[in-house]
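Visitor: Dumping the structure here so I can ask a few things about it.
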Amino acid sequence: MANSANAYIDLWTFKRGDGGGTEVFSEVKGVVDVGGFGITNDTIDVTNFSSGGVREYIAGLADGSDITMTLIRDPAEAEQEGMRADVNNKVNRNFQFVEDDGAGTSITYTVNMAMVGWVQGPAYEDKSTIDISMKISGTPVES
């Protein structure tokens, strides 16, 4: 929850694209945590003799963040199995991260992801989990 002056609850939905021409996105179920996503610009040092003894920089190429999504493991959940297959097959996949403020306003971030890895966390007395690692490829599109 945000601070009490402007409190609201972010409601997130995560969707995996099917890769079709008119792409259809289906909800990934069982998500319990997602590492932050966004981009960071490299910095290019443009310090020169006229810089007055201080370094100067400009923004360089943007790099998408590495993201780990933790899910409650469910082998019957088609999108989870699809994500594991994407990693195994070394493919990129489109995802939508939909943020709803609980008051009817939503923002959709569509991102292309290089599917990097998966790690299962078997458990005896707790829920079993699976972590899916991804890397943003290109520019996230906000709508």
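The values are calculated or read from the model by the stated rules, or taken from the named source; none is laboratory data. All of these numbers come straight from a predicted model, not from anything done at the bench. Because the Cβ atoms are built from the backbone with ideal geometry, glycine has one as well, and the counts that use them run over all protein chains shown. SASA here: full protein model, heavy atoms, side chains in, ligands and nucleic acids out. Shrake-Rupley method; radii C 1.70, N 1.55, O 1.52, S 1.80 Å.
Visitor: To the nearest 10 degrees, how steep is helix 78-88 against the longest Cα principal axis of the chain, on a 0 to 90 scale?
Guide: So the inclination is approximately 50 degrees.
Visitor: Provide the per residue accessible area, probe 1.4 Å, for segment 6-62, rounded to a whole number of square angstrom.
Guide: With all protein chains present, segment 6-62 gives 73 Å² per residue.
Visitor: LYS135 versus ALA123, label points 7 Å from Cα toward the beta carbon: distance in nm?
Guide: In this crude spin-label approximation the distance works out to 3.0 nm.
Visitor: In percent, how large is the relative contact order of the chain, given Cα pairs closer than 8 Å and 6 or more residues apart?
Guide: 25
Visitor: Pop out the Kirkwood hydrodynamic radius of segment 1-104 from its pairwise C-alpha distances, inverse of mean 1/r, in Å to one decimal.
Guide: This gives a value of 17.4 Å.
Visitor: While we're here: Using a Gaussian network model of the chain with C-alpha springs under 10 Å, which one of LYS29, LYS15, LYS127 is most mobile by mean-square fluctuation?
Guide: LYS127
Visitor: First compute the accessible area of the chain with a 1.4 Å probe, then give the percent of it belonging to carbon and sulfur atoms.
Guide: Its accessible area is 50 percent carbon and sulfur atoms.
Visitor: Still on this structure: Contour minus end-to-end for LYS90 and ASN41, with contour as 0.36 nm per residue of separation and end-to-end as the Cα-Cα distance?
Guide: Once the chain is fully extended between LYS90 and ASN41, it gains 15.1 nm.
Visitor: How large is the accessible surface of ASP100 in square angstrom, using a 1.4 angstrom probe and rounding to the nearest 10?
Guide: Answer for ASP100: close to 50 Å² accessible.
Visitor: Let me ask you something else. Taking the solvent-accessible surface of protein heavy atoms with a 1.4 Å probe, what is the per residue accessible area of segment 86-142 in Å²?
Guide: Accessible surface, normalised per residue, equals 57 Å².
Visitor: In the neighborhood of GLY64, defined by Cβ-to-Cβ distances under 13 Å, what is the net charge if each Lys or Arg adds +1 and each Asp or Glu adds -1?
Guide: With Lys, Arg at +1 and Asp, Glu at -1, the neighbours total -2.
Visitor: If you don't mind, there's one more thing I want to ask. For the chain, with a Gaussian network of springs between Cα atoms less than 10 Å apart, report the residue from SER65, SER50, SER133 with the top mean-square fluctuation.
Guide: SER50
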